[in-house]
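Novice: What follows is a structure written as structure tokens; I'll ask about it next.
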């Protein structure tokens, strides 16, 4: 399962599968910005809006496909301000629940880190729900925990949860 970087046209070609992955991720309780149950139409619209940022070079998106469907994705949001072009944010790291535990999350994270380095980025950051499964991945991948913000975002059930901020020099 190798991550493939998608251009804007490829993202739109795979939008159905990416929407299904997003719906699955939210249904499984991951806090990725949406409340459950996530309507597939809303997931499709969200992914379609990403195509413009990909085309503009502001967002890089990778997807992993297996058996004809998207089973993982990660994005790298590149900074657009002159004083912050050395940093980027890792966002929407998602792995379908059917393929978790096989190293796909780490592979996606490594892909984003390596691409950031090639792009001249030296500092990455991200946030994730405190005490989530994702925290184990980031800690074991050498990311540094910067701190916790209480009541940062609602989880898919609508309950306010803290988020943990991580960073990594690459």
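The values are calculated or read from the model by the stated rules, or taken from the named source; none is laboratory data. Bear in mind that the values here come from a model prediction, so they are computed numbers and not experimental data. With ideal geometry, Cβ positions are generated from the backbone for all residues, glycine too; neighbour counts draw on all protein chains shown.
Novice: Tally time: how many residues in segment 113-130 are under 13 Å from the mean Cα position of the chain (by Cα) and either modelled with pLDDT under 95 or in a helix (DSSP H, G or I) (or both)?
Specialist: Number satisfying all stated conditions: 1.
Novice: What about residue 152, is it assigned to a helix (DSSP H, G or I), touching a strand residue (DSSP E or B) at 6+ places or on another chain (Cβ under 6 Å) and either surrounded by 15 or more Cβ atoms within 10 Å (Cβ to Cβ) or free of Cβ contacts under 8 Å to residues at least 60 places away in the same chain (or both)?
Specialist: no
Novice: Among 25, 117, 110, which is the only one that is surrounded by 15 or more Cβ atoms within 10 Å (Cβ to Cβ) and out of contact with any helix residue (DSSP H, G or I) (no Cβ under 6 Å at 6 or more places or on another chain)?
Specialist: On inspection, the qualifying residue turns out to be 25.
Novice: Just wondering, is there one or more residues in segment 89-98 that are in contact with a helix residue (DSSP H, G or I) (Cβ under 9 Å, 6 or more places away or on another chain), at positive phi and either without any contact (Cβ under 8 Å) to a residue 12 or more places away in the chain or loosely packed, with under 12 Cβ neighbours inside 10 Å (or both)?
Specialist: no
Novice: For segment 1-112, which fully contained strands (runs of 3 or more DSSP E) count at least 3 residues that are under 25 Å from residue 135 (Cα atoms) and at pLDDT 95 or above? Walk me through it before giving the result.
Specialist: Working: elements: 4-6, 59-66, 69-78, 87-95.
Filter on segment 1-112 gives 59-66, 69-78, 87-95.
Novice: Using beta carbons and a limit of 9 Å, which pairs, at least six apart or on different chains, have the first residue in segment 44-59 and on the phi > 0 side of the Ramachandran plot and the second one crowded, with 17+ Cβ neighbours inside 10 Å?
Specialist: These pairs meet every condition: 57/78.
Novice: Separate question: For residues in segment 6-19 being surrounded by 14 or more Cβ atoms within 10 Å (Cβ to Cβ) and out of contact with any strand residue (DSSP E or B) (no Cβ under 7 Å at 6 or more places or on another chain), which is farthest from residue 77 (Cα to Cα)?
Specialist: Looking at the filtered set, the residue picked out is 16.
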